Amino acid sequence: MTYKLLKKGLEIELYGGTKSGEVLPLSSKIIEHFPNYSQEPDQRNFEYCTNPTSSYKELYAEIIEPRIKVRDYLQSLDKNLTLIPGSTIPLSFKKEPCYSKPGEPYHKYILETYKTNVITTSIHINIGIDNYEDLFKLLCALRLDMPLFLALSASSCFHDGKLTDYHSYRWHNFPKTPDFVPFFKNHNEYINWTKEALKLKTMQNVRHLWTSVRPNGPNRPYELNRIEIRICDLISNTKNLIAIVALLECLIQKYLINGNWPSIINKNQLELNELVRICAEQEELAAKESLNAKLWDWRNDTKREAYKIIESLYEDLTDTAKNLDISEQLKPITSILSEGNEVRHFLEVYKKTKSVEQTIQQLIDEFTIMDLQIYNTTKK
């Protein structure tokens with residue numbers, strides 16, 4: 001029996017800059033030429049979105065083609081311009097904001113409050129869920145596994161010209177807002193909490209909910225149609241990105257098919273509030289050491305390295321992947337576990353070059369070549 005694939009779409013943030021690794025404020029030029037791109041508060045990062053699709057083949061092309069086009073456009077402006085991998089600004093940069101919309105109050109608030117901590121890149125994975133009961137059960141269940149997705153995607157060990165002590169300096173440094181976000185058991189709880197947060201100004205608007213996973217839709221908090229995973233760093237390797245999306249879909253599909261929800265999410269409010277603290281702690285551990293982080297495996301109440309937990313999860317989801325006919329898409333997870341995630345590669349290059357600048361220059365070349373190779377494959 002083959003099950004129906006869910007619709008999914010990605011929000012992909014990027015840096016543009018020089019081939020030597022300097023990130024530049026280019027978003028205004030880019031959106032003039034590509035109206036489907038969008039601006040962040042600071043001009044040094046920008047975003048494109050893939051169209052919602054259930055097809056992994058279509059998603060593959062949707063990821064690659066905009067990057068090829070924007071690189072070509074940057075080259076038309078200056079042969080020295082390109083896209084830069086990683087999720088934090090790697091080389092030294094000026095700390096003054098480069099406003100994309102100087103008169104926009106929300107953008108002004110963001111940059112004045114959080115300063116350069118928000119100038120990051122990432123991948124946001126949106127999975128379409130129409131049923132509100134399922135959506136909020138998934139919201140709770142998936143929150144327990146967010147550290148694993150950060151561990152798989154970590155790509156931000158460099159920042160401001162230095163090697164940081166983190167595999168995902170982005171997630172360590174990024175402001176999680178509001179400070180405390182409870183487990184929402186149902187839609188009404190989410191609506192009431194959001195209205196109160198807006199009243200108290202702990203959220204400036206409905207978009208100002210910056211957690212590892214959140215509900216999303218056309219009219220938050222009232223009309224929702226998807227779950228958004230926000231914890232992942234930018235993943236340059238598209239095959240690996242597709243595998244991470246496939247792992248997420250298999251996890252969601254297994255919950256929906258079997259209805260075997262984690263019993264832990266049925267705890268009382270006091271215990272759930274403690275679980276909020278534990279989840280935040282686990283995310284910080286994953287930000288520090290990614291796949292090597294020793295995390296709480298909530299499924300059997302033990303502590304194990306993240307890569308071992310993911311290995312077990314992968315094995316548990318192989319039948320689901322087979323039923324969904326996405327075993328091939330899921331398979332690169334094994335390569336990430338055996339060969340390492342992107343940050344491991346970054347660190348291996350740095351070990352040889354002993355220079356953040358030289359490392360970034362090599363990674364830029366690899367990012368460009370990898371995208372072109374994949375793009376040419378999709379066109380065959």
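What are the chymotrypsin sites (Phe, Trp or Tyr not before Pro) within the stretch 150-190 that DSSP puts in a loop, where the Cβ has at most 12 other Cβ atoms within 10 Å?
When the chymotrypsin sites (Phe, Trp or Tyr not before Pro) of the stretch 150-190 are filtered for loop state and at most 12 Cβ neighbours within 10 Å, Phe180 remain.
How would you classify the stretch 101-194 from its alpha-carbon gyration tensor, with a ≥ b ≥ c the square roots of the eigenvalues: rounded for a/c under 1.5, else prolate if a/b is greater than b/c, otherwise oblate?
The shape class here is oblate.
Within straight cross-link reach of Lys303, meaning Cα distance under 23 Å, which lysines are found once same-chain residues fewer than 8 apart are removed?
Partners within reach: Lys267, Lys288, Lys294.
Can you give me the Cα centroid spacing of the stretch 1-35 and the stretch 45-71 in angstrom?
Between the Cα centres of the stretch 1-35 and the stretch 45-71 lies a distance of 8 Å.
Which shape class, rounded, prolate or oblate, goes with the stretch 148-248 when its Cα gyration tensor gives a ≥ b ≥ c as root eigenvalues, a/c under 1.5 marks rounded, and past that a/b bigger than b/c marks prolate?
It is oblate, given that a/c is not under 1.5 and a/b is not larger than b/c.
Mind giving me the nanometre distance, one decimal, between the label points for Leu270 and Lys79, set 7 Å out from Cα along Cα→Cβ?
Rounded to a tenth, the inter-label distance reads 7.0 nm.
Select from Gly340, Gln329, Thr318 the residue farthest towards the positive end of the dipole of the stretch 247-352; place +1 on Cβ of Lys and Arg, -1 on Cβ of Asp and Glu, and compute about the Cα centre.
The Cα lying farthest towards the positive end belongs to Gly340.
Could you check how many percent of all C-alpha pairs in the stretch 14-57 are farther apart than 12 Å? All intermediate terms of the calculation are to be shown ahead of the outcome.
Working: 580 of 946 pairs.
More than 12 Å apart: 61 percent of the Cα pairs in the stretch 14-57.
Say we join alpha carbon atoms closer than 10 Å with springs in a Gaussian network model of the chain; which of Glu47, Glu22, Glu96 then has the biggest fluctuation?
Top of the fluctuation ranking is Glu96.
Can you return the lysines within cross-link range of Lys94? Criterion is Cα-Cα under 20 Å, with same-chain partners fewer than 8 residues away left out.
Lys19, Lys29, Lys108, Lys115, Lys162
Treat the count of other C-beta atoms within 10 Å as a stand-in for reagent exposure and order Asp72, Asp365 from fewest to most.
The fewest-first ordering by Cβ neighbours comes to Asp72, Asp365.
Return Cys250, Cys140, Cys49 ranked ascending by Cβ neighbour count within 10 Å, so the fewest neighbours appear first.
Arranged by neighbour count, lowest to highest, Cys250, Cys140, Cys49 become Cys49, Cys140, Cys250.
Mean residue ellipticity at 222 nm from the helices of the chain, using -39,500 (n - 2.57) per DSSP H segment of n ≥ 4 over the full residue count, to the nearest 500 deg cm²/dmol? The partial results should precede the final answer.
Numbers: 14 runs with 186 residues, N = 380.
Here the helix-only value at 222 nm equals -15500 deg cm²/dmol.
Please report how far the C-alpha centroid of the stretch 206-230 lies from that of the stretch 83-143, rounded to the nearest whole angstrom.
First find each Cα centre; the distance between them is then 13 Å.
Can you tell me how the stretch 254-380 classifies by the Cα gyration tensor, rounded, prolate or oblate, using a/c under 1.5 as the rounded cut?
In terms of gyration-tensor shape, oblate.
Aspartates and glutamates near Lys239 by alpha-carbon distance under 17 Å, same-chain residues fewer than 8 away left out - which ones?
Partners within reach: Glu11, Glu58, Glu62, Glu65, Glu249, Asp325, Glu328, Glu339, Glu342, Glu366, Asp371.
What ranking of Glu289, Glu32 emerges when the number of other C-beta atoms within 10 Å of each C-beta is taken as an exposure proxy, fewest first?
With the sparsest Cβ surroundings first, the list reads Glu32, Glu289.
Read-outs: derived from the displayed coordinates by stated rules, not from any lab. All figures in this text were calculated on a predicted structure; none of them were measured in a lab. Note: ideal-geometry Cβ built from the backbone for every residue, glycine included; neighbour counts use all protein chains shown.
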